[in-house]
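Below is one structure; the comments refer to it alone.
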Amino acid sequence: MTGLDLIDRKILATLMEDETLPVAQVADRVGLSQTPCWKRIQRLEATGVILGRVAIVDPVKIGIGLTVLVGIEAPDHAASWRDAFTRLVRDMPEVMDAWRMAGDMDYLLRVAVPDMEAFDAFYRRLTDALPIKNVTSHFAMERIAGRTVYPIDTRNR
């Protein structure tokens with residue numbers, strides 16, 4: 001974590017645990033007064049360390065009951081295909097995460113949909129939009145662990 005001092009790391013750890021805390025409470029937890037703390041938070045946002053602030057919801061309680069990990073093998077590795085694929089998955093709201101991989105698959109998607117019918121519709125849109133060499137879908141049965149908080153070292157070094 002280059003460019004982040006102990007106070008920045010403490011601010012980030014605090015905000016990842018509870019973004020709703022008032023700046024005064026964040027400042028108190030990290031040992032700053034309110035104004036310097038707020039300026040640091042603004043800098044962390046401006047430099048892209050903090051990407052956004054969101055509410056974390058239970059997908060099942062909003063009708064999103066199926067999570068599918070989808071492995072994609074590209075038909076080739078041309079920049080034009082990569083760019084088109086990137087645009088496609090960024091525009092598909094069901095794609096929660098997309099990673100370019102090393103190894104047996106080229107891309108791994110985490111897809112969240114209400115049910116199998118919705119996944120089938122997603123699959124058809126995906127495979128109709130671009131040529132794909134292979135698609136492998138793995139259906140999640142149970143979420144055992146899930147985190148949004150990264151393990152930041154908040155010890156003084």
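Number of residues in the stretch 127-144 that are in a helix (DSSP H, G or I) and polar (S, T, N, Q): the value is 1. Within the set W81, W99, the sole residue that is more than 26 Å from V49 (Cα to Cα) and either touching a residue at least 12 places away in the same chain (Cβ under 8 Å) or under 17 Å from the mean Cα position of the chain (by Cα) (or both) turns out to be W81. Scan the stretch 61-95 for residues that are surrounded by 11 or more Cβ atoms within 10 Å (Cβ to Cβ) and within 18 Å of E117 (Cα to Cα) and the total you get is 10. Looking at the stretch 136-150, is at least one residue touching a strand residue (DSSP E or B) at 6+ places or on another chain (Cβ under 7 Å), farther than 30 Å from I11 by Cβ and crowded, with 16+ Cβ neighbours inside 10 Å? Scanning the stretch 136-150 turns up no residue that is touching a strand residue (DSSP E or B) at 6+ places or on another chain (Cβ under 7 Å), farther than 30 Å from I11 by Cβ and crowded, with 16+ Cβ neighbours inside 10 Å.
When R124 is tested against (1) in a loop (DSSP other than H, G, I, E, B); (2) exposed (fewer than 11 other Cβ atoms within 10 Å of the Cβ), exactly one condition is not met: (1). If you go through the stretch 21-43 one residue at a time, do you hit one that is under 25 Å from the mean Cα position of the chain (by Cα) and part of a loop (DSSP other than H, G, I, E, B)? Yes, the stretch 21-43 contains a residue that is under 25 Å from the mean Cα position of the chain (by Cα) and part of a loop (DSSP other than H, G, I, E, B).
The number of residues in the stretch 63-116 that are within 24 Å of M141 (Cα to Cα) and polar (S, T, N, Q) comes to 1. Candidates D76, D83: the one that is farther than 18 Å from T148 by Cβ and part of a loop (DSSP other than H, G, I, E, B) is D76.
Being within 18 Å of R110 (Cβ to Cβ) and either more than 18 Å from the chain's Cα centre (by Cα) or touching a residue at least 60 places away in the same chain (Cβ under 8 Å) (or both) is the filter here, so list the residues in the stretch 61-73 that pass it.
Pass one, the stretch 61-73, residues within 18 Å of R110 (Cβ to Cβ): 62-73.
I62, G63, G65, L66, T67, V68, L69, V70, G71, I72, E73 - these are the residues of the stretch 61-73 that are within 18 Å of R110 (Cβ to Cβ) and either more than 18 Å from the chain's Cα centre (by Cα) or touching a residue at least 60 places away in the same chain (Cβ under 8 Å) (or both).
We did not get these values from a lab; they are worked out from the coordinates using the rules stated. All of these numbers come straight from a predicted model, not from anything done at the bench. Reconstructed Cβ throughout: ideal geometry from the backbone, glycine too, with neighbour counts over all protein chains shown.
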